[in-house]
Amino acid sequence: MPSMHYIRDLQGATGSRVQLVEINNTFWVRKKVDIQWVATEKAFYKTLEQHGIKTLRTIDHPDLGEDEMLLEYIPGETTLENSSDAAQYQQWGRLMAQIHTIRYDTPLGYNAVGDMEPTTWKSIMEKYVATTLARAERHDWYGFTKSTQHEVARSLQHVINHTPDYYSLIHGDPHCNNVLVSAHGLILFDKNDEMFSGSAYIDLAIVLINFPNGSFTTIKDPGYSGDHRKLAAFINGYGRNFIADEMLPYYVVLIAFRRMNSPHAKYNKEIILHTLKKL
């Protein structure tokens with residue numbers, strides 16, 4: 001195998017170290033995370049490829065540790081965050097619909113040593129909610145009133161008690177900055193490692209939070225003035241108007257609350273307060 005040469009550091013997701021490397025005159029992205037994340041993300045890309053969905057190629061190399069992976073590097077790529085083209089948001093909706101048609105009998109996840117394990121949605125959500133509430137406790141519940149804290153807790157319990165109608169492949173973090181715009185179409189990357197298959201509402205809630213002025217919330221910020229148009233295009237591409245689904249607002253509260261400390265959480269508090277009124 002040709003040797004790997006370091007070129008420069010790249011910006012990566014929280015908890016990862018990302019470098020541009022060169023192997024045999026070809027550039028690759030070397031990503032260091034943990035074993036669970038590597039197993040989950042590589043399996044996600046492989047599954048997309050098996051279903052004819054454009055994705056990033058991965059290769060093995062003897063210099064990689066168990067907690068590392070090599071991903072295809074696309075030069076000059078940008079992300080959907082920088083786009084106002086409704087056609088690209090419609091394409092994003094179609095892409096997510098394709099992913100959600102890949103179904104499984106049970107929710108699946110990878111453990112700390114990289115093995116896939118069947119589990120239950122209730123156990124996944126119990127752990128997910130527990131870590132979400134523990135994080136909130138460490139940050140004094142982000143300044144929410146006691147009354148709102150109780151409403152949030154009730155909403156999260158509703159998610160724990162929810163039994164999805166089906167389990168699909170999920171990305172787990174499909175915000176606009178995790179969607180590459182390439183000459184060959186849109187490509188999802190940086191898959192969340194906490195679950196492999198589960199409720200599509202996890203993905204759809206994250207998509208909605210991308211558009212704080214698009215559905216459950218009204219934000220008087222000119223930077224989000226295009227949200228209605230972008231979300232309408234996404235829904236059109238997805239092929240189903242999921243906005244009215246009874247369970248979706250509960251997942252929106254969960255995701256927005258879990259990500260209160262995210263750099264992309266500018267309006268998560270408003271999203272939570274507005275969404276709670278709809279429950």
Item to complete: Could you run through the range 213-232 and say how many residues are touching a residue at least 60 places away in the same chain (Cβ under 8 Å), over 16 Å from LYS269 (Cα atoms) and assigned to a loop (DSSP other than H, G, I, E, B)?
Response: 1
Discussion item. List pairs: first residue in the range 128-141 and within 17 Å of TYR251 (Cα to Cα) and of a type in the set (S, T, N, Q), second residue surrounded by 12 or more Cβ atoms within 10 Å (Cβ to Cβ) and modelled with pLDDT of 95 or more anywhere in the structure, Cβ distance under 9 angstrom, at least six positions apart or on different chains.
Written reply: THR131/ARG258; THR132/LEU156; THR132/LEU254; THR132/PHE257; THR132/ARG258
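Select from the range 249-276 the residues that are open to solvent by 50 Å² or more (accessible area, probe 1.4 Å), basic (Lys, Arg) and not in a loop (DSSP other than H, G, I, E, B) and list them in ascending order.
So in the range 249-276, the residues open to solvent by 50 Å² or more (accessible area, probe 1.4 Å) come out as 259, 261, 263-264, 266, 269-270, 273-274.
Among the residues that remain, those that are also basic (Lys, Arg) are: 259, 266, 269.
LYS269, the sole residue that qualifies.
Quick one: which residue in ILE243, ILE202, ILE219, ILE187 is crowded, with 24+ Cβ neighbours inside 10 Å and either among the hydrophobic types (A, V, I, L, M, F, W, C) or closer than 30 Å to GLN36 by Cα (or both)? Working first, answer last.
Numbers: ILE243 fails: crowded, with 24+ Cβ neighbours inside 10 Å; ILE219 fails: crowded, with 24+ Cβ neighbours inside 10 Å; ILE187 fails: crowded, with 24+ Cβ neighbours inside 10 Å.
Exactly one of ILE243, ILE202, ILE219, ILE187 is crowded, with 24+ Cβ neighbours inside 10 Å and either among the hydrophobic types (A, V, I, L, M, F, W, C) or closer than 30 Å to GLN36 by Cα (or both), namely ILE202.
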Worksheet item: If you scan the range 185-212, which residues turn out to be farther than 16 Å from ARG259 by Cβ and either free of Cβ contacts under 8 Å to residues at least 24 places away in the same chain or aliphatic (A, V, I, L, M) (or both)?
Response: LEU186, ILE187, LEU188, ALA200
Worksheet item: Restricting attention to the range 34-56, and to residues there that are open to solvent by 20 Å² or more (accessible area, probe 1.4 Å) and touching a helix residue (DSSP H, G or I) at 6+ places or on another chain (Cβ under 8 Å), which single residue is nearest to PHE196 (Cα to Cα)?
Response: HIS51
Item to complete: Would you check which residues across the range 93-127 are in contact (Cβ under 8 Å) with a residue 40 or more places away in the chain, out of contact with any strand residue (DSSP E or B) (no Cβ under 7 Å at 6 or more places or on another chain), open to solvent by less than 50 Å² (accessible area, probe 1.4 Å) and within 19 Å of TYR166 (Cβ to Cβ) and list them?
Response: GLY93, MET96, ALA97
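Can you give me the number of residues within the range 57-81 that are loosely packed, with under 15 Cβ neighbours inside 10 Å, over 24 Å from TYR201 (Cβ atoms) and in contact (Cβ under 8 Å) with a residue 24 or more places away in the chain? It would help to see each step written out before you state the result.
Applying the first criterion (loosely packed, with under 15 Cβ neighbours inside 10 Å) to the range 57-81 yields 57, 59-60, 62-63, 65-66, 75-78, 81.
Within this subset, residues satisfying the condition of being over 24 Å from TYR201 (Cβ atoms) are 57, 59-60, 62-63, 65-66, 75-78.
Of the ones still in play, those that are also in contact (Cβ under 8 Å) with a residue 24 or more places away in the chain are 59, 62-63, 65-66, 75, 77-78.
Within the range 57-81, residues that are loosely packed, with under 15 Cβ neighbours inside 10 Å, over 24 Å from TYR201 (Cβ atoms) and in contact (Cβ under 8 Å) with a residue 24 or more places away in the chain number 8.
Do you know which residues across the range 233-252 are out of contact with any His (no Cβ under 9 Å at 6 or more places or on another chain), in contact (Cβ under 8 Å) with a residue 24 or more places away in the chain and either among the hydrophobic types (A, V, I, L, M, F, W, C) or on the phi > 0 side of the Ramachandran plot (or both)?
As a first pass, look at the range 233-252 and keep what is out of contact with any His (no Cβ under 9 Å at 6 or more places or on another chain): 233-237, 239-246, 248-249, 252.
With the extra rule that they be in contact (Cβ under 8 Å) with a residue 24 or more places away in the chain, the set shrinks to 233-237, 239-240, 242-243, 245, 248-249, 252.
Passing the criteria: ALA233, PHE234, ILE235, GLY239, PHE242, ILE243, LEU248, VAL252.
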Discussion item. Considering only residues that are surrounded by 15 or more Cβ atoms within 10 Å (Cβ to Cβ) and within 19 Å of the chain's Cα centre (by Cα), which ones fall in the range 82-92?
Written reply: SER83, GLN88, TYR89, GLN90, GLN91, TRP92
Worksheet item: Within the bounds of the range 14-26, is there any residue that is free of Cβ contacts under 8 Å to residues at least 40 places away in the same chain, in contact with a His (Cβ under 6 Å, 6 or more places away or on another chain) and open to solvent by less than 40 Å² (accessible area, probe 1.4 Å)?
Response: yes
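The values are calculated or read from the model by the stated rules, or taken from the named source; none is laboratory data. As the structure is a prediction and not an experimental result, all values here were calculated from the model. Don't worry about glycine lacking a Cβ; one is built from the backbone with ideal geometry, like all the others, and counts go over all protein chains shown. Ligands, DNA and RNA are stripped out before the accessible areas are found, and what is left, the full protein with its side chains, is counted by its heavy atoms. Shrake-Rupley method; radii C 1.70, N 1.55, O 1.52, S 1.80 Å.
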